[in-house]
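What follows is one structure encoded as structure tokens, with my remarks underneath.
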Amino acid sequence: MHIPPNWGTFFILIVSFLVFWFIFSRLFFRPFLGLLAQREGRFKDLSDRTEKLIKEAREADAIREQRLNEARRTALERRDTERRAAEAEAAKKIDAARGESHEMLEQARAKIVEELANAERELGRMGESLAAELAERVLGRPLNGQRRSAN
């Protein structure tokens, strides 16, 4: 069985399809595609801004690292300068202390030598005195015409 096409219905369907296509295109498709284009444009802008911010952050990090390295270098130089100054001052103080201790040692040596000389003289006098006294006791008379002192 063969059903002949109804050309009137077919043309009405075609015309209604074109009318609906035109209406839907104007009311729904174009605004929707426009929204999609805007959204895509916003995403592209956000992506560009994100890349720009990342680039700026990297540049800021590089500048911060450079400044930090410079500050470290300056601090190291200052520390070395202060260390050298402290070492020089310590060396001066050590030299002064050595000189002072050497002077004190020389004074102590001189005092010891002097006391030793005094002790030797005193010991010599005491020896002579004891020898004279012993000689007087052994001889039983005073030496060199001196009288013996009473004990």
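The values are calculated or read from the model by the stated rules, or taken from the named source; none is laboratory data. Note that the structure is a prediction, hence the values are computed from the model and not measured. So basically every Cβ, Gly included, is an ideal-geometry build from the backbone, and we count neighbours across all protein chains shown.
When you scan the range 108-116, do you find a residue that is modelled with pLDDT under 90 and of a type in the set (V, I, T), even just one?
Taking the range 108-116 first, the residues modelled with pLDDT under 90 are none.
The answer is no, given that none of the residues of the range 108-116 is modelled with pLDDT under 90 and of a type in the set (V, I, T).
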* Structure fact -> Within the range 22-31, residues aromatic (F, W, Y) and modelled with pLDDT under 90 come out as F24, F28, F29
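Here's the yes/no breakdown for (1) surrounded by 10 or more Cβ atoms within 10 Å (Cβ to Cβ); (2) without any contact (Cβ under 8 Å) to a residue 12 or more places away in the chain:
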{"position": "E70", "(1), (2)": "yes, yes"}
{"position": "T74", "(1), (2)": "yes, yes"}
{"position": "E82", "(1), (2)": "yes, yes"}
{"position": "A85", "(1), (2)": "yes, yes"}
{"position": "R121", "(1), (2)": "yes, yes"}
{"position": "E136", "(1), (2)": "yes, no"}
{"position": "N144", "(1), (2)": "no, yes"}
